[in-house]
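Participant: Following this message is one structure expressed as structure tokens.
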Amino acid sequence: MSINSALLAGVSGLTANSAALAAISQNIANVNTVGYKRSQAEFQTVINGQNSNAGYSAGGVIASARHYVSDNGQLQRTTSSTDLGISGRGFFVVTDKAEGVEITDTRLFTRAGAFRVDEMGYLKNSAGLYLQGWPADGDGNVATDPSDLSRLQSINVGTVGGTAEPTTRVGINANLRSGQVVNPDIATYDPATNNMAMWTPDGVGGIKPDFLMSVPVSDSKGGQRSVSMAFLKGENPNEWHVEIYGAPGDLEGGDMIRSGRVVFTQDGRLDAAATAALPDALFTDPADAVLTLGASGSAAAPGVDAIWATDLGIASQTIQFDLMTAAGGLTQYDSQSVVQAVTTNGTPFGNLSNIEIDEEGYVSAIFDNGVTRRIGQVALATFPSPDSLKPVNGNAYAVSQGSGTYNLKAPGSGGAGLIGASQLEASTVDLSAEFTGLITTQRAYSASSKIITTADEMLEELIRIKR
């Protein structure tokens, strides 16, 4: 009967508009939820099969939810370096547990990047989901493998301890006064028995250097050592005796590391050829001036200039002295002997001070001594049909039959977006549109209820006919 079908159509209208109201309510409730994607109820007509002589029968309407997962929200700046947003396509890969994740465990996908470091050092968002990525090896290299899900691990910044880097390069920018008067004691100078390393301010022994500079050196443990360079004007023009020695107690078998002579050109520059021709040259090739310090407890060997003291327990290291290519280098002008600059690349022991994540998803630990160590790289997942993903609790999504298989990618590659550090993606909900929809849904609901009351009145009128 057509009146009954109208009644049922009105009921279907109530049900469909109730679903639309639920979608609008969900959107409004999540207007401030990070990375939330709005949803909307879409209406579809229902047509009953019609017989040509049976009259018309209303089928009504049904509502189905559509999730606008592919819509990107605006990135907003925050103060936390572990807040992450995605500029472009892709989702963070997350799991509900940090450790012991097997390839068969469920992976979820989210744009909610409000990650914090938990008590175990893992990056976890406000929904308790752990961020996945590719770990870095000991050299800071990351091997990304989009085809191997087992390579993904929960990113942990708590396992990064303090670090130090030994000195491997020293740049010298200093001038030796060409007019320096020759020390009258130079006749007794002997690098082996009466040298500048033996001199003390009280004048007990040794030869007082005409110029002395100190070079800071970091050892393999981050300990701060001091290497001295002493200069004594030679008897020949443009010639200087040079000694390089360590602090008392730092070296085995005495403080001397290396001694010899250097020669300068008439225009005040270091003469590499003339220096190399000397039988006692400080370095046989001043352009490649290298000192080698053996590890504590090691034996003397060819090419090793000195050995670190046994009780220090530190590793060997090679230090290259830049005497010619540094700004200024080692010069001899008729000006005051002075050190303009001594630059080294070693660092003392440093503690973790900050975590930084760049736009390509590389997670790096920053230490207070200036050292940066790469920890891993954030992985992003893309889908052929992201709008078909299945929403789950925690503002995340699961794979569905309609979404297609996910593809793991490094940020910025293969169509995946870039990472925005210290940024969060805002909800895609537009309150003005939602409130407008709220009004129209309310009116549609009222109209559907009017269909029911009208059909009821018609049925009541039909019943009165019998009376």
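The values are calculated or read from the model by the stated rules, or taken from the named source; none is laboratory data. Because the structure is predicted, anything quoted here is derived from the model rather than measured. Every residue, glycine as well, gets a Cβ built from its backbone with ideal geometry; the counts of neighbours run over all protein chains shown. The accessibility values were calculated without ligands, DNA or RNA, using every heavy atom of the protein model including side chains. Shrake-Rupley method; radii C 1.70, N 1.55, O 1.52, S 1.80 Å.
Participant: Taking θ = phi - 60°, what integer Hz values does the Karplus form 6.51 cos²θ - 1.76 cosθ + 1.60 yield along region 266-274, in sequence order, with x for Gly and Pro?
Facilitator: 5, 9, x, 9, 5, 8, 5, 5, 5
Participant: Hey, another quick one. Rounded to the nearest 20 debye, what is the charge dipole size of region 84-175 about its Cα centre when +1 sits on each Lys and Arg Cβ and -1 on each Asp and Glu Cβ?
Facilitator: 420 debye
Participant: At a probe size of 1.4 Å, how large is the accessible area of E99, to the nearest 10 Å²?
Facilitator: Roughly 110 Å² of E99 is accessible to a 1.4 Å probe.
Participant: With every protein chain kept in place and ligands, DNA and RNA left out, what is the accessible area per residue of the chain? Probe 1.4 Å, answer in Å².
Facilitator: Per residue, the chain has an accessible area of 50 Å².
Participant: Alpha carbons only, please: Rg and Dmax for the chain, in angstrom.
Facilitator: 38.9, 144
Participant: With a cut-off of 18 Å, note down the residues of region 191-222 whose backbone N falls inside the zone around a label point 7 Å from the Cα of A247 toward its beta carbon.
Facilitator: Residues 197-201, 212-222 fall inside that zone.
Participant: Could you grab the relative contact order for region 87-181? Cα pairs under 8 Å, six or more apart, rounded to a whole percent.
Facilitator: 24 percent
Participant: Amide H to amide H, which residues 5 or more places from A112 or on other chains are under 5 Å from it, using H placed in the peptide plane?
Facilitator: Excluding prolines and chain starts, which carry no amide H, there are no hits.
Participant: Now a separate question. Given the DSSP H assignment, sum -39500 (n - 2.57) over each helix run of at least 4 residues in the chain and divide by its residue total; what's the result at 222 nm in deg cm²/dmol, nearest 500?
Facilitator: -5500 deg cm²/dmol, from helical runs alone.
Participant: How large a share of the accessible area of region 359-467, in percent, is made up of carbon and sulfur atoms when the probe is 1.4 Å and the other protein chains stay in place?
Facilitator: In region 359-467, the share of accessible area belonging to carbon and sulfur is 53 percent.
Participant: For region 367-467, what is the convex hull (Cα atoms) projected area averaged across all directions, in square nanometres?
Facilitator: Result: 13.2 nm².
Participant: For S220, which sequence-distant residues (separation of 5 or more, or a different chain) have an amide H within less than 5 Å of its own amide H, given hydrogens modelled in the peptide plane?
Facilitator: Amide H neighbours of S220, under 5 Å, 5+ apart: A315.
Participant: While we're looking at this one, here's another question. Using the Karplus curve 6.51 cos²θ - 1.76 cosθ + 1.60 with θ = phi - 60°, work out ³J(HN,Hα) for each residue of region 118-135 in order, rounded to whole Hz, and write x for Gly and Pro.
Facilitator: 7, 5, 9, x, 8, 8, 10, 8, 5, 8, x, 9, 9, 6, 9, x, 9, x
Participant: If you take the square roots of the eigenvalues of the alpha-carbon gyration tensor of region 44-189 and sort them as a ≥ b ≥ c, do you get rounded (a/c under 1.5), prolate (a/b over b/c) or oblate? Could you put the intermediate results ahead of the total?
Facilitator: Working: a/c = 4.69, a/b = 3.37, b/c = 1.39.
Prolate.
Participant: Something else now. Taking N as the number of residues in region 158-283, what is its alpha-carbon radius of gyration divided by 2.2 N^0.38 Å?
Facilitator: Values: Rg = 16.8 Å, N = 126, 2.2 N^0.38 = 13.8 Å.
Scaled against compact globular proteins, the figure is 1.22.
Participant: Per-residue counts of other Cβ atoms within 10 Å, averaged by peptide: what ranking do you get for 420-428, 106-114, highest first? Walk me through the intermediate numbers first.
Facilitator: Numbers: 420-428: 20.1, 106-114: 21.7.
Per-residue Cβ counts within 10 Å, averaged per peptide and sorted highest first, yield 106-114, 420-428.
Participant: Hey, how many Å between the Cα centroid of region 75-125 and the Cα centroid of region 271-331?
Facilitator: 49 Å
Participant: If you roll a 1.4 angstrom probe over the protein chains with everything in place, what fraction of the accessible area of region 51-109 belongs to carbon and sulfur, to the nearest %? Mind showing how you got there, number by number?
Facilitator: Numbers: 1470 of 3340 Å².
Solvent-exposed carbon and sulfur of region 51-109 make up 44 percent of the total.
Participant: Step through the residues of region 239-248 one at a time and calculate ³J(HN,Hα) from phi using the Karplus curve (6.51 cos²θ - 1.76 cosθ + 1.60, θ = phi - 60°), rounding each to whole Hz and writing x for Gly and Pro.
Facilitator: With the stated coefficients, region 239-248 comes to 10, 9, 8, 10, 10, 10, 9, x, 6, x Hz.
Participant: Would you give the gap between the C-alpha center of region 213-254 and the C-alpha center of region 376-397, rounded to a whole Å?
Facilitator: Here the answer is 60 Å between Cα centres.
Participant: Based on the alpha-carbon gyration tensor of region 179-243, what equivalent-ellipsoid semi-axes (square roots of 5 times the eigenvalues) come out, in whole Å, largest first?
Facilitator: 25, 14, 10
Participant: Can you sort W240, W199 by solvent-accessible area, 1.4 Å probe, largest first?
Facilitator: On the way: W240 0, W199 75 Å².
Largest accessible area first, the list is W199, W240.
Participant: Counting only residues 5 or more places away or on other chains, whose amide H sits under 5 Å from the amide H of G35 once H atoms are built in the peptide plane?
Facilitator: E425, A426, S427
Participant: State whether region 214-339 is rounded, prolate or oblate according to the following rule on the C-alpha gyration tensor (a ≥ b ≥ c being the square roots of its eigenvalues): a/c under 1.5 gives rounded; otherwise a/b larger than b/c gives prolate, and the remaining case gives oblate. All intermediate terms of the calculation are to be shown ahead of the outcome.
Facilitator: On the way: a/c = 2.21, a/b = 1.89, b/c = 1.17.
Note, shape of region 214-339 comes out prolate.
Participant: At a 1.4 Å probe radius, which order do T33, T104 fall into by accessible area, largest first?
Facilitator: Result, largest first: T104, T33.
Participant: Among the GluC sites (Glu not before Pro) in region 292-379, which ones are in a DSSP loop with at most 16 other Cβ atoms within 10 Å of the Cβ? Mind listing them?
Facilitator: When the GluC sites (Glu not before Pro) of region 292-379 are filtered for loop state and at most 16 Cβ neighbours within 10 Å, E359, E360 remain.
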